[in-house]
Amino acid sequence: MTLNVLLIYPKYPDTFWSFTHILKFVSKKATFPPLGLLTVASIFPSEWNKKLIDVNVKELTNKDIEWADLVLISAMIVQKESAQEIIDRCKAKGKIIIAGGPVFTTQHEKFKNVDHFILNEGEITIPQFISDFKKGKPKKFYTSTERPDITKTPLPMWKLINFKDYVTIAVQYSRGCPFNCEFCDIIIMNGRIPRTKTPEQMILELSTLYRAGWRGSVFVVDDNFIGNKVNVKQFLPLLINWQKKNNYPFKFLTEASLNLADDLELMRLMSRANFHKVFLGLETPHIDSLKECGKFQNYTRDLVKSVRIIQQNGMQVMGGFIVGFDKDTKLIFDAQIKFIQEIGVVTAMVGMLMALPQTRLWHRLKEENRLFSEASGENTDGRLNFIPRMGTKNLVEGYKKILATIYSPNNYYKRIDTFIRHYRPTVRETPSLSGLKAFVKSVWKIGIFSRSRRYYWRLIFKTLFTKIKAFPTAVEMAICGVHFEKITKKVLKSNMS
């Protein structure tokens with residue numbers, strides 16, 4: 001039996017992480033491809049025909065829908081509106097709709113016209129669906145609490161996308177996180193015991209990506225790349241050798257936890273493997289709030305010193321920050337501003353606390369009758385879905401103050417200066433024509449017409465004459481500032497509640 005399977009990735013709204021406003025600088029259509037769907041495509045039978053439409057880079061046409069026998073949609077919470085529109089459109093043409101991914105795993109009851117939900121981890125539930133479908137007896141729901149062995153996860157089907165559309169390609173090394181922060185839904189999705197691929201498996205995956213033609217930025221999308229330190233230390237030496245052999249075709253970014261700063265060997269291995277960025281959940285400088293949310297890996301250390309150590313080992317720290325904890329007072333807003341500026345975290349994602357479905361926070365607030373709406377799934381849109389202890393007005397006004405302050409041109413460029421002063425760049429990358437074009441565009445758009453132009457030129461000349469190895473990073477940060485400024489303006493104008 002040969003079938004046509006249409007895999008659709010819904011529209012991602014203009015958010016902090018979409019980097020929509022930098023795409024014109026680098027001539028790309030989207031930041032990341034849908035790794036989940038690319039992997040799922042490889043799980044479906046090889047004899048089935050597959051087509052992937054990422055709505056972020058390509059229009060979904062009626063012809064695409066009419067071609068399909070099965071339509072498979074995967075989405076995160078923030079994509080739910082687009083997902084519903086696509087479901088309605090495909091259903092109107094009489095198509096069989098299959099849905100999976102985070103939004104459907106936690107909120108499947110919101111989507112009434114989906115024929116089959118394939119939830120949890122696809123390595124377990126997709127084969128169950130395929131078996132039943134071939135027998136002509138597919139069920140409505142496929143769920144499992146079993147955590148699959150990801151050493152058996154197939155390679156993503158890269159041929160379904162055009163690399164030229166994307167800024168960064170995504171791969172996955174591990175799933176799960178050993179920590180249990182109250183507000184986080186990672187352990188609901190992937191559990192608390194980190195599972196990793198084998199070093200050989202990862203080298204094969206990266207080699208396949210290399211042979212497919214990709215060069216440049218690779219995002220290791222793990223919940224916590226260093227969740228299993230023993231395994232990652234076995235993988236990194238092989239990655240270092242592979243990078244050397246292939247003249248460092250990739251530079252990596254990933255997500256980790258702040259205890260990375262405790263392990264000099266691990267930081268040096270990551271730096272030698274060409275990791276140049278790491279996202280950390282820093283959350284707050286307020287110790288009582290860290291204790292409240294169970295972030296013990298943060299409150300037992302000097303946060304400023306830990307960030308400095310990672311920066312000095314060749315990696316840019318991108319940080320997540322939260323206000324609105326029960327233990328927060330009105331003093332938290334000035335404290336967050338001071339903290340963010342002091343540590344020089346340029347990419348500072350600040351959000352109001354959000355109760356994501358089925359998290360420990362969500363259950364606690366539901367018990368306390370403090371929930372009043374669904375989570376938007378977007379960390380920085382300024383929308384609340386619970387009643388904060390400090391009062392909604394105080395929280396919203398304080399949140400707006402943080403954004404307006406840290407993303408003002410003066411303070412944004414001050415953070416870049418602070419970061420570069422402490423940064424010891426080790427990233428290896430070959431100068432590219434696209435990088436040169438991005439710089440030229442930045443000169444035109446920022447250096448001439450932007451209100452940030454005097455800060456821009458001061459950064460450009462200072463970096464050229466004092467730390468030239470950091471020059472590409474400085475230009476990238478200036479370009480990202482355009483995006484952050486536009487996102488901040490949008491949030492400040494929004495009617496938060």
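The values are calculated or read from the model by the stated rules, or taken from the named source; none is laboratory data. Note that the structure is a prediction, hence the values are computed from the model and not measured. Don't worry about glycine lacking a Cβ; one is built from the backbone with ideal geometry, like all the others, and counts go over all protein chains shown.
Here is a yes/no grid of residues against (1) at pLDDT 95 or above; (2) within 24 Å of Lys393 (Cβ to Cβ); (3) in contact with a helix residue (DSSP H, G or I) (Cβ under 9 Å, 6 or more places away or on another chain):
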{"position": "Phe296", "(1), (2), (3)": "no, no, yes"}
{"position": "Gln316", "(1), (2), (3)": "yes, no, yes"}
{"position": "Phe325", "(1), (2), (3)": "yes, yes, yes"}
{"position": "Ile340", "(1), (2), (3)": "yes, yes, yes"}
{"position": "Val346", "(1), (2), (3)": "yes, no, yes"}
{"position": "Trp362", "(1), (2), (3)": "yes, yes, no"}
{"position": "Asn369", "(1), (2), (3)": "yes, yes, no"}
{"position": "Ser373", "(1), (2), (3)": "no, yes, no"}
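Which is closer than 30 Å to Ile332 by Cβ and either under 20 Å from the mean Cα position of the chain (by Cα) or among the aromatic types (Phe, Trp, Tyr) (or both), of Asp288, Asp222?
Asp222
Grab the helices (runs of 4 or more DSSP H) fully contained in segment 168-260, keeping just those with 3 or more residues being over 26 Å from Gly100 (Cα atoms) and not β-branched (Val, Ile, Thr).
The qualifying helices (runs of 4 or more DSSP H) are 199-211, 229-245.
Residue check, Lys135 against (1) closer than 21 Å to Gly101 by Cβ; (2) not assigned by TED's automatic domain parsing to the domain that holds Tyr299, all met but one. Which one?
If we test Lys135 against (1) closer than 21 Å to Gly101 by Cβ; (2) not assigned by TED's automatic domain parsing to the domain that holds Tyr299, just (1) comes out false.
Which residues, counting only those in segment 240-264, are of a type in the set (A, V, I, L, M) and either out of contact with any helix residue (DSSP H, G or I) (no Cβ under 7 Å at 6 or more places or on another chain) or surrounded by fewer than 19 Cβ atoms within 10 Å (Cβ to Cβ) (or both)?
Residues satisfying the conditions are Ile240, Leu253, Ala256, Leu264.
Do the conditions hold for Arg421, that is, is it touching a residue at least 40 places away in the same chain (Cβ under 8 Å), exposed (fewer than 15 other Cβ atoms within 10 Å of the Cβ) and farther than 16 Å from Phe25 by Cα?
In short, yes.
Counting only residues that are surrounded by 18 or more Cβ atoms within 10 Å (Cβ to Cβ) and not hydrophobic (A, V, I, L, M, F, W, C), how many does segment 336-378 have?
Residues that pass the stated criteria total 10.
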